[in-house]
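Down below is the structure, laid out as structure tokens.
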Amino acid sequence: MTINDSAEFRRIKVAAVQAEPAFLDLEGSTRIACDLIAEAGRNGADLIAFPENFVPSYPNWYETLSEGAKARDLDRRLFLNSVVLPGEHISTIADACRQAGVNAVVGINERRARTTGTTFNTQVHITRDGVIAGKHQKYVPTTGERQIQAPGTTGHHNSFETDFGIVSGLICGENSNPLGQYAAAVHYPVVHVASWPAYFGPGVTLQHAIQTASAGLAYSLKCFVLSAVLRLSDAYIEAVAATDADREYLEVQRAAKQGAMIFSPIGERIGDGTGSDERLVYADIDLGDVIIPKMVHDTAGHYNRPELFAPLFAPREG
């Protein structure tokens with residue numbers, strides 16, 4: 001799959017989410033996702049990007065509750081409220097895309113059908129016609145995610161077609177994975193969706209990570225990047241804080257109002273919702289802006305020598 005040779009490279013409007021889901025509530029988070037899609041449609045958006053595991057919530061509690069009955073209860077609630085593909089709740093979200101006329105990349109915790117304990121960290125690509133174009137499961141769960149989420153089974157695929165061109169997507173830390181980036185680059189995306197949680201653990205600033213990784217990715221792929229982020233709710237803090245110090249830390253993270261960001265194909269920040277209470281950050285973009293940067297650095301084509309690097313992937317003994 002590569003960009004259509006007859007692509008118009010037209011102007012479109014994009015939206016990146018910075019909002020709270022309904023914590024570990026499949027029905028409630030589905031409703032919020034549909035509301036955001038409808039809002040984006042009313043405001044003329046062609047594409048909406050969701051954060052990591054928006055439906056039904058991202059399992060950050062491994063930062064504060066890695067062990068014990070409370071942590072295991074949250075794990076159980078997550079599994080029971082995760083999304084089955086295909087299934088009722090993703091169909092509801094797809095129908096919202098059709099009604100609003102908006103393409104979407106939706107972050108979900110995906111529950112493998114007919115199992116009792118397997119979930120994946122997944123982005124679902126949905127067209128403005130309400131068709132599920134495909135899904136990308138996170139290649140490798142990061143740190144404590146491994147308690148809950150399995151390694152992805154969707155191969156290297158992370159890019160899918162829309163009416164305006166290819167949209168790629170990666171989840172959280174894998175946005176800095178060079179091979180994940182290359183898997184996107186070979187399909188020539190015009191827009192990339194980077195899905196992020198609400199915060200990282202102590203010592204790592206989410207805003208710095210998002211800005212650094214997303215700007216670098218935009219410059220590398222030579223496409224627009226939408227970085228969508230979760231916001232923390234009262235219900236989340238109440239459920240996850242194990243100590244007063246935990247609660248204080250989480251309140252500081254919430255007060256920071258980490259914002260969604262949008263980057264140009266040369267890595268310039270053209271949208272930033274940091275500090276804003278709005279649930280969506282918008283930008284009007286000209287897809288033709290990808291052409292000149294790609295003519296300079298096409299890492300999937302003329303600006304690469306894959307035959308030189310192929311020996312690095314040969315099987316090694318020992």
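The values are calculated or read from the model by the stated rules, or taken from the named source; none is laboratory data. These figures come from a predicted structure and were not determined experimentally. Glycine also receives a Cβ, built like all others from the backbone with ideal geometry; neighbour counts cover every protein chain displayed.
From the set of residues in region 47-71 that are polar (S, T, N, Q) and closer than 26 Å to ILE262 by Cβ, which is nearest to the chain's Cα centre (by Cα)? Full working, then the answer.
Of all residues in region 47-71, those polar (S, T, N, Q) come to 53, 57, 60, 64, 66.
After this cut, where a residue has to be closer than 26 Å to ILE262 by Cβ as well, the list is 53, 57, 60.
Details: ASN53: 8, SER57: 13, ASN60: 15 Å.
Selected residue: ASN53.
Select from region 18-57 the residues that are part of a loop (DSSP other than H, G, I, E, B) and among the aliphatic types (A, V, I, L, M) and write down the one among them that is nearest to THR162 (Cα to Cα).
Within region 18-57, the match that is nearest to THR162 (Cα to Cα) is ALA45.
Being under 23 Å from PRO197 (Cβ atoms) and of a type in the set (Gly, Ala, Ser) is the filter here, so list the residues in region 97-118 that pass it.
Across region 97-118, the qualifying residues are ALA104, GLY107, GLY117.
Can you find a residue in region 50-65 that is surrounded by fewer than 23 Cβ atoms within 10 Å (Cβ to Cβ) and either among the aromatic types (Phe, Trp, Tyr) or under 20 Å from SER168 (Cβ atoms) (or both)?
Yes, because at least one residue in region 50-65 is surrounded by fewer than 23 Cβ atoms within 10 Å (Cβ to Cβ) and either among the aromatic types (Phe, Trp, Tyr) or under 20 Å from SER168 (Cβ atoms) (or both).
With respect to the numbered conditions (1) part of a loop (DSSP other than H, G, I, E, B); (2) in contact with an Asp or Glu (Cβ under 8 Å, 6 or more places away or on another chain); (3) among the polar types (S, T, N, Q), which one is the sole condition not fulfilled by THR122?
Against the list (1) part of a loop (DSSP other than H, G, I, E, B); (2) in contact with an Asp or Glu (Cβ under 8 Å, 6 or more places away or on another chain); (3) among the polar types (S, T, N, Q), THR122 comes up short only on (1).
I want to confirm something. Restricting to region 156-193 and keeping residues that are under 11 Å from the mean Cα position of the chain (by Cα) and among the aliphatic types (A, V, I, L, M), which single residue is surrounded by the fewest Cβ atoms within 10 Å (Cβ to Cβ)?
LEU170
Which condition breaks for ALA133 when tested against (1) surrounded by fewer than 24 Cβ atoms within 10 Å (Cβ to Cβ); (2) not in a strand (DSSP E or B)?
(2)
Which of the helices (runs of 4 or more DSSP H) contained wholly in region 228-318 include at least 1 residues that are among the polar types (S, T, N, Q)?
Those helices (runs of 4 or more DSSP H) span 244-255.
In this structure, does VAL140 turn out to be touching an Asp or Glu at 6+ places or on another chain (Cβ under 8 Å) and either under 30 Å from GLU39 (Cβ atoms) or modelled with pLDDT under 95 (or both)?
No: the conditions fail for VAL140.
Out of ALA228, ALA198, ALA241, ALA215, I need the residue that is farther than 30 Å from ARG72 by Cβ and crowded, with 18+ Cβ neighbours inside 10 Å. Which one?
ALA215
Would you check if there is a residue in region 66-76 being in contact (Cβ under 8 Å) with a residue 60 or more places away in the chain, under 22 Å from SER168 (Cα atoms) and in a loop (DSSP other than H, G, I, E, B)?
The answer is no; no qualifying residue exists.
Any residue in region 150-161 that is touching a Leu at 6+ places or on another chain (Cβ under 8 Å), at pLDDT 95 or above and assigned to a strand (DSSP E or B)?
Within region 150-161 (the criterion being touching a Leu at 6+ places or on another chain (Cβ under 8 Å), at pLDDT 95 or above and assigned to a strand (DSSP E or B)), the answer is no, since none of the residues qualifies.
Restricting attention to region 160-181, which residues are touching a residue at least 24 places away in the same chain (Cβ under 8 Å) and among the hydrophobic types (A, V, I, L, M, F, W, C)?
PHE160, PHE164, ILE166, VAL167, LEU170, ILE171, CYS172 - these are the residues of region 160-181 that are touching a residue at least 24 places away in the same chain (Cβ under 8 Å) and among the hydrophobic types (A, V, I, L, M, F, W, C).
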